[in-house]
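What follows is a single structure, and I will ask about it in a moment.
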Amino acid sequence: MVYISPSQAGKLKIIKKHFEDLESRKAELEKLILALASPYQQELDLILTAPSFKNIFSAIGIISEIGVNMEAFPSAKHICSWAGLTPTNNESAGKKKSVRVSKAGCYIKPLLVQCANSVVKSEKHPEIRNRYLLLRKRRGHKKAIIAIARMLLTALYNMLNKKESYNAELYKKSDVIPAEREITVEQAILMAKFQGYRIKSATE
């Protein structure tokens, strides 16, 4: 049996009271945030149809970053670049030094990456999970997750721009491999080299 001294009991009471006070302040803050976000309920409902967005505060976080008027961004590529989810073009003297994503989007990017990490573990959205698994084989986990985060932001942009709920069928169609595909010999050689193969001539 563990015995608690009177002084320890007094400290625990103070800690408990402090914790209850923090919970109360948290509830007040959440109530205030929900009140401020109430004019955007239609847009919030749209975002909540997107994969991995089940928490109202995640949806509010998106709107607080990008707003609800997508006319500020000419295209989905622009908003992805603004959020720091597109590779940089760091090139000098014809040599690429880095293709890492930029440091922009210090608030929205971590949120989207967290959502991406969550959705790729679920089988409810195969159009996203399958794309992640395909990209992970070629590019690794980190780059694949950034690609999925970019995919989510692209979906959110189109949803808010068109005032439409998330439509998985649009992404499923893009994953369907055409029945007939043709490439030239030169293209096939370049693809093989990109995958790390060394090309040998027939005489070798």
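The values are calculated or read from the model by the stated rules, or taken from the named source; none is laboratory data. These numbers were taken from a predicted model, which means no experiment stands behind them. Every residue, glycine among them, receives a Cβ derived from its backbone with ideal geometry; neighbour counts consider all protein chains shown.
Among the residues of region 159-173, write down those that are surrounded by 12 or more Cβ atoms within 10 Å (Cβ to Cβ), part of a helix (DSSP H, G or I) and not hydrophobic (A, V, I, L, M, F, W, C).
Asn161, Tyr171, Lys172
Just give me the residues in region 114-128 being out of contact with any Ser or Thr (no Cβ under 7 Å at 6 or more places or on another chain) and either surrounded by fewer than 19 Cβ atoms within 10 Å (Cβ to Cβ) or outside any helix (DSSP H, G or I) (or both), in sequence order. Show your work before the answer.
Filtering region 114-128 down to residues out of contact with any Ser or Thr (no Cβ under 7 Å at 6 or more places or on another chain) leaves 114, 116-117, 120-128.
Within region 114-128, Gln114, Asn117, Val120, Lys121, Ser122, Glu123, Lys124, His125, Pro126, Glu127 meet the criteria.
Out of curiosity, is Leu156 within 21 Å of Asn55 (Cβ to Cβ) and part of a helix (DSSP H, G or I)? Working first, answer last.
Working: within 21 Å of Asn55 (Cβ to Cβ): yes; part of a helix (DSSP H, G or I): yes.
Answer is yes for this residue.
What do you reckon, is Ile60 assigned to a helix (DSSP H, G or I), at pLDDT 90 or above and within 20 Å of Ile33 (Cβ to Cβ)?
Working: assigned to a helix (DSSP H, G or I): yes; at pLDDT 90 or above: yes; within 20 Å of Ile33 (Cβ to Cβ): yes.
Considered against the rule, which asks whether it is assigned to a helix (DSSP H, G or I), at pLDDT 90 or above and within 20 Å of Ile33 (Cβ to Cβ), Ile60 comes out as yes.
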